[in-house]
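Working notes, beginning with the structure itself.
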Amino acid sequence: MRHLTVAALALCIALAGHSKTQDDREIYLADPTVCPADGIYYMSGTRPGQPAGFTVLESRDLVHWKYHEPDSMALRKGAGVFGKTGFWAPQYFRDGDRYILAYTADEQTAFACSGTVTGPYTGCSGSPIDSSAKNIDPFIFRDDDGRYYLYHVRFGNGNFIWVGELDIDSGHLVPGTLKKCLECTEDWEHTPAYRSDPIMEGPSVIKIDGIYYLFYSANHYMSPDYAVGYAWAESPCGPWHKNPDNPVIHRSIVGENGSGHGDLFKGPDGEYWYVYHVHNSDTRVHPRKTRMVPLSADKKNGIISFRADTARITIPVQQRQD
């Protein structure tokens, strides 16, 4: 598989002699997610512009992407879909013979369903998972015992990651199960580079050999220090222990500002990969660009240490479709 590093892309642009054309082929999805299915990788994220909703791109090599269908929309604002504005941070989740698209709209978490990963998705219930308070950035996790959990962000003197047991059939949280996962306690999680309340967001969870790993982003997304770390626990509800070597993705590691808020997935080599977004440039935040990086994994005393394999940072590009 061919990987384009940040430096390699710059070289390709220089050799091609037409930076505008090459730059336009980059993918501008923030809060990206990747879903592998039957040998194909499907990607979505927070998209700039209209129509409001989520597109779906597909690839076999993680580098070259195209719409599943021309200008493909997996979910579009309208009848049968919750939300009027602010369609952010989707996650594809396979549940038996259906796919659930968990997403944010109107600063609420909602679900939509389809028989295929590419959609179209329509509302499962037509209502948010918890209308009693604002909540964003959903991530559905199914444990080995068949229980479902919804990791998400709730507001209150900042943004923090919470978890609650999820009734997958009703699309609502099980009463009495909400629990805060993490707070900003480390210097890297709340730097002075951009003034804001403490922010933790973009949760993704995997389970390996009985240990749960919660990846999250910290700082405001407009900060150049927006970055990714992780914590581990022996229960899906914690208590969580932060990796002492956090952050694992940061501008000092991957070479671009605002690197964060993505998703974990298994690549074609069986490794875990992390897809994330970065700022448009050193001086502009929007539109944010999509990146991917494989994670090396070394186990010590039963706990895995993850590191970004920066030699293989991948810049996905969108192929032209006539």
From THR116, THR122, which residue is at pLDDT below 95, closer than 23 Å to THR55 by Cβ and surrounded by fewer than 18 Cβ atoms within 10 Å (Cβ to Cβ)?
THR122
Of the listed residues (TYR212, TYR272), the one being among the aromatic types (Phe, Trp, Tyr) and in contact (Cβ under 8 Å) with a residue 40 or more places away in the chain is TYR272
Of ILE129, ILE100, ILE161, ILE136, which residue is assigned to a loop (DSSP other than H, G, I, E, B) and on the phi < 0 side of the Ramachandran plot?
ILE129
Restricting to the stretch 125-139, and then to whatever is buried (at least 21 other Cβ atoms within 10 Å of the Cβ) and aliphatic (A, V, I, L, M), can you tell me which residue is nearest to the chain's Cα centre (by Cα)?
ILE136
From the list HIS286, HIS250, which one is over 11 Å from the mean Cα position of the chain (by Cα), surrounded by fewer than 18 Cβ atoms within 10 Å (Cβ to Cβ) and in contact (Cβ under 8 Å) with a residue 60 or more places away in the chain?
HIS286
What are the residues in the stretch 66-97 that are assigned to a strand (DSSP E or B) and of a type outside the set (Lys, Arg), if any?
TYR67, MET73, ALA74, LEU75, TRP88, ALA89, PRO90, GLN91, TYR92, PHE93, ASP95
Looking only at the stretch 298-310, filter to residues that are out of contact with any Ser or Thr (no Cβ under 7 Å at 6 or more places or on another chain) and more than 24 Å from TYR42 (Cβ to Cβ); which one of those is surrounded by the fewest Cβ atoms within 10 Å (Cβ to Cβ)?
ASN301
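The values are calculated or read from the model by the stated rules, or taken from the named source; none is laboratory data. What you are looking at is a predicted structure, and each value in this text was computed from that prediction instead of being measured. Reconstructed Cβ throughout: ideal geometry from the backbone, glycine too, with neighbour counts over all protein chains shown.
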